[in-house]
Amino acid sequence: MRMNWKATWSVAALSLALSGAATAQDFAGQTLVVGTWGGDIERLLREHAARPLEEKTGAKVEFLLGGSGDRMAKMYAEKSNPTMDVTFQNIYEAPQALADGLVMAPDESSPIYSDLWSGMNDGCYAMSLVGLGIAYNKDLVEEPVEWADMWDPAVKGMIAMAPYPSSEGDGLLGVAARLEGSDEHDPDTAFAKVRELGAPALNYTSLDEVFALMDAGEVAMAPMISGYVLAALKEWDNIGFAFPTDPGPVLVRDMVCQVANSPNPELAAMFIELALSPETQQAYAEELLFGPTNSKAVLSAQAAADTINTPEEVESLLQLDWPYVISQRSDWTERWNKDVLGQ
Amino acid sequence: MTARGPASWLTAPGVALIACVFLAPFALLVAMSFWSQPNGTLLVDPTPTLVNYERIFSDGYYLRGLGRTLWLSLVTVAVSVVLGFPVAFWIARRAGRLRRLTMAVMLLPIVCGALLPTLGLVNLLSPLGIVNGTLKSLGLIDRSIPLLGTQTGILIGLVQAFLPMMVLPLVAVLDRLPPSYEEAAKSLGARPAQVWRRVVLPLAAPGLIAGSVLVFCASLTSFVTPQILGQGKIATFAAMTWQQASLVLDWPFASALAMVMLGLMAALGGAVLVLRRGARS
């Protein structure tokens, strides 16, 4: 937490200095619209990106909160006349949005681009790195925990899953296929393997929901994405989180995108630069345990241990062919409903 | 005409509002159900096609979903009749001074919306909820009985939400049915069961039909209750439509699903009209 305070203070000091220098007030009266998730993410973006930008430019930053699917829908509906300037999307949405011409490709010549881990800016800029691992009840599951343990008959029917479509579901399919010596391009094998798990004990929509049931022993394991989960887990003594090794955890990224033909492109680029700055990225890591994508971010030992923050760690992760996965979304959703949920 | 002039003008704002927020989007919905979404993009192709409807009627998954939704709605109607008729009869005949209070309590689920009572039911039915907790503390079960994520759970929620729609039309009909009819039937030698079957039920039929249609249509299109109590495990037609529109972002297909449900309700409405006309003539 010490690093976080340092970061906060340095940003505050920087903001003060910027507001003192009454230069660049060219954007007064303009409003930048940023679509993102509510809660901690909004708070950190407000502190580390929106406020400094407002003080530097005189513009106003308005947050539009909700799920990333809502933002995708908004972008498609407003394709010819967008009202949103910046949007935060999932790893699987960004390449699709770029392919459909809704967002601008990351600018390879910008200084911030080269600060980000190479190969991460797929569709939009990579904002944070998290991995799909396994949350488990320590009394019911023996450590070390591997993916294959989810198929142990002792925990059959005690696995919680996120509703599909989701990165969690796609990640589980990718893992299941690999356990059978194949990969996500072989959906027959992937779905057959996931089907062996039986219907999920719970389709979780909130962390509290799944942790309460896991604590009570009603749910034994759940594939979950690190970050929030690791931060929330500190309150539960008998719940653990593992990054498996065979295969490794599935890499999941949050992306920040500049909407194509948006009303305030200059402000949007400035906001994105602040969002990707080491300060914001450090705050994400220290408070939310979201791994930074900016190679210049410096983390406390605690945050470094809980996040994916080195090229070697990134290398160890399982990377899915997301453009292929997204192209299968409609078919796989129907298949998940039929094969996994038994509808 | 002179009397109608000002009154027609007064309807203009309402008509304009409905045209803007209902008719225009609805026209788009109808049109979009005949569009398509080519592979590899989420953008839509507005060339008219029947591909969405073909998919709905050729894929057993969607037909099963439709069947499941119809079944849930029919059972909700049946349970509402069984539970609602005695309540309506009691309110109409016996409630006396309690009548207003009872009616107010009956109206509560309609007034407070679907979300609040449904979330209350989640606390009641969840694995760590009151029902499972009581059974566990009595030593009757070790592991929770799944109530959420089952058709039973959804039925409990639907009946709870829509029972007033059955009771209110029944009360209206039974209010107009003088007790002297039943007394007359009894005095002519009818047994209590015969009074019910031959006198009360036929005369209450309009209320039963109105209540059944209301409960059926509300259950058929209900989204919040089945989604929360079904926990995404039981796909109703409304949930399938939402999944396609909001998660898969295939709006043309979602529009076609919505049109099928609308067609079904229009057919039902038409059938009821024909039945009533037949009954009168």
Of A:ASP254, A:ASP339, A:ASP331, the only residue that is acidic (Asp, Glu) and assigned to a strand (DSSP E or B) is A:ASP254
Filtering the stretch A:194-229 down to residues that are touching a residue at least 24 places away in the same chain (Cβ under 8 Å) and farther than 30 Å from A:ALA285 by Cβ yields A:VAL194, A:ARG195, A:GLU196, A:LEU197, A:GLY198, A:ALA199, A:PRO200, A:ALA201, A:GLY217, A:GLU218
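Per-residue answers, yes or no, for (1) surrounded by 16 or more Cβ atoms within 10 Å (Cβ to Cβ); (2) free of Cβ contacts under 8 Å to residues at least 40 places away in the same chain; (3) over 16 Å from A:GLU218 (Cβ atoms):
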site	(1), (2), (3)
B:ARG100	no, yes, yes
B:VAL105	no, yes, yes
B:CYS112	no, yes, yes
B:LEU115	no, no, yes
B:GLY120	no, yes, yes
B:ILE156	yes, no, yes
B:PHE162	yes, no, yes
Residues of the stretch A:210-225 being within 29 Å of A:ASN309 (Cβ to Cβ) and either at pLDDT below 90 or of a type in the set (A, V, I, L, M) (or both), in sequence order, are A:VAL210, A:MET214, A:MET221, A:ALA222, A:MET224, A:ILE225
Looking across the stretch B:236-247 at residues that are aliphatic (A, V, I, L, M) and surrounded by fewer than 23 Cβ atoms within 10 Å (Cβ to Cβ), the single one that is farthest from the other protein chains (Cβ to nearest Cβ) is B:ALA238
Filtering the stretch B:36-56 down to residues that are within 13 Å of another protein chain (Cβ to nearest Cβ) and touching a residue at least 60 places away in the same chain (Cβ under 8 Å) yields B:SER36, B:GLN37, B:LEU42, B:VAL44, B:ASN52, B:ARG55, B:ILE56
Of the residues in the stretch B:122-149 that are aliphatic (A, V, I, L, M), loosely packed, with under 15 Cβ neighbours inside 10 Å and not in a helix (DSSP H, G or I), the one that is nearest to the chain's Cα centre (by Cα) is B:ILE145
Going through (1) more than 17 Å from B:GLY263 (Cα to Cα); (2) part of a helix (DSSP H, G or I) one by one, B:ARG55 fails only at (1)
Of the residues in the stretch B:215-231, those that are crowded, with 23+ Cβ neighbours inside 10 Å and either farther than 19 Å from B:THR152 by Cα or within 13 Å of chain A (Cβ to nearest Cβ) (or both) come to B:PRO226, B:LEU229, B:GLN231
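Residue by residue through the stretch A:62-75, note down the ones that are farther than 14 Å from A:ALA94 by Cβ and part of a helix (DSSP H, G or I).
Across the stretch A:62-75, the qualifying residues are A:ASP70, A:ALA73, A:LYS74.
Given the options A:SER80, A:SER128, name the one that is buried (at least 16 other Cβ atoms within 10 Å of the Cβ) and not in a helix (DSSP H, G or I).
Numbers: A:SER80 fails: buried (at least 16 other Cβ atoms within 10 Å of the Cβ).
It is A:SER128.
So which helices (runs of 4 or more DSSP H) stay within the stretch B:213-281 end to end and still have 2 or more residues that are in contact with a strand residue (DSSP E or B) (Cβ under 9 Å, 6 or more places away or on another chain), among the hydrophobic types (A, V, I, L, M, F, W, C) and closer than 29 Å to B:LEU168 by Cα?
Details: elements: B:224-230, B:237-242, B:251-280.
Fully inside the stretch B:213-281 and qualifying: nothing.
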_Condition (residue is modelled with pLDDT under 95, in a strand (DSSP E or B), in contact with a strand residue (DSSP E or B) (Cβ under 7 Å, 6 or more places away or on another chain) and among the aliphatic types (A, V, I, L, M)) applied to the stretch A:83-100: is it met by at least one residue?_
no
All conditions in (1) within 14 Å of chain B (Cβ to nearest Cβ); (2) buried (at least 24 other Cβ atoms within 10 Å of the Cβ); (3) in contact with a Phe, Trp or Tyr (Cβ under 7 Å, 6 or more places away or on another chain) are true of A:VAL103 except (3)
Check whether at least one residue in the stretch A:277-287 is under 15 Å from the mean Cα position of the chain (by Cα) and surrounded by fewer than 23 Cβ atoms within 10 Å (Cβ to Cβ), and report yes or no. yes
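I'm checking my understanding of the structure. Among residues of the stretch B:2-35 that are in a helix (DSSP H, G or I) and of a type in the set (Ser, Thr, Tyr), which one is farthest from the other protein chains (Cβ to nearest Cβ)?
Of the residues in the stretch B:2-35, the ones in a helix (DSSP H, G or I) are B:4-32.
So of that shortlist, the ones also of a type in the set (Ser, Thr, Tyr) come out as B:8, B:11.
Details: B:SER8: 35, B:THR11: 31 Å.
Ranking the candidates gives B:SER8 first.
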Within the stretch A:177-209, the count of residues that are outside any loop (DSSP other than H, G, I, E, B) and either hydroxyl-bearing (Ser, Thr, Tyr) or crowded, with 24+ Cβ neighbours inside 10 Å (or both) comes to 5
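Kindly indicate which of A:VAL229, A:VAL145 is surrounded by fewer than 24 Cβ atoms within 10 Å (Cβ to Cβ), in a helix (DSSP H, G or I) and aliphatic (A, V, I, L, M). Give the derivation first.
Numbers: A:VAL145 fails: in a helix (DSSP H, G or I).
From the options A:VAL229, A:VAL145, the qualifying one is A:VAL229.
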Can you spot a residue in the stretch A:152-166 that is out of contact with any Ser or Thr (no Cβ under 8 Å at 6 or more places or on another chain), outside any helix (DSSP H, G or I) and away from every other protein chain (no Cβ under 14 Å)?
yes
In the stretch A:57-80, residues that are more than 14 Å from chain B (Cβ to nearest Cβ) and in contact (Cβ under 8 Å) with a residue 40 or more places away in the chain total 3
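Take the residues in the stretch A:293-328 that are assigned to a loop (DSSP other than H, G, I, E, B) and charged (D, E, K, R); name whichever of them is farthest from the other protein chains (Cβ to nearest Cβ). Lay out the reasoning, then the answer.
Of the residues in the stretch A:293-328, the ones assigned to a loop (DSSP other than H, G, I, E, B) are A:293, A:295-300, A:307-310, A:317, A:319-321, A:328.
From the residues that got through so far, the ones that are charged (D, E, K, R) too are A:296, A:321.
On the way: A:LYS296: 35, A:ASP321: 14 Å.
Residue satisfying both the conditions and the ranking: A:LYS296.
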Restricting the stretch A:140-156 to residues that are modelled with pLDDT of 95 or more and among the acidic types (Asp, Glu), the one farthest from A:ALA216 (Cα to Cα) turns out to be A:GLU146
Of the candidates B:LEU268, B:LEU208, B:LEU257, the one satisfying the condition of being surrounded by fewer than 21 Cβ atoms within 10 Å (Cβ to Cβ) and within 24 Å of B:GLY60 (Cα to Cα) is B:LEU268
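Can you say whether B:ARG176 is modelled with pLDDT under 90 and farther than 21 Å from B:ARG68 by Cβ, as far as the supplied structure shows?
Numbers: modelled with pLDDT under 90: no; farther than 21 Å from B:ARG68 by Cβ: yes.
Against the criterion (modelled with pLDDT under 90 and farther than 21 Å from B:ARG68 by Cβ), B:ARG176 does not qualify.
The values are calculated or read from the model by the stated rules, or taken from the named source; none is laboratory data. Everything quoted here is computed from the prediction, not taken from an experiment. Glycine gets a Cβ as well: all are built from the backbone with ideal geometry, and neighbour counts include every protein chain shown.
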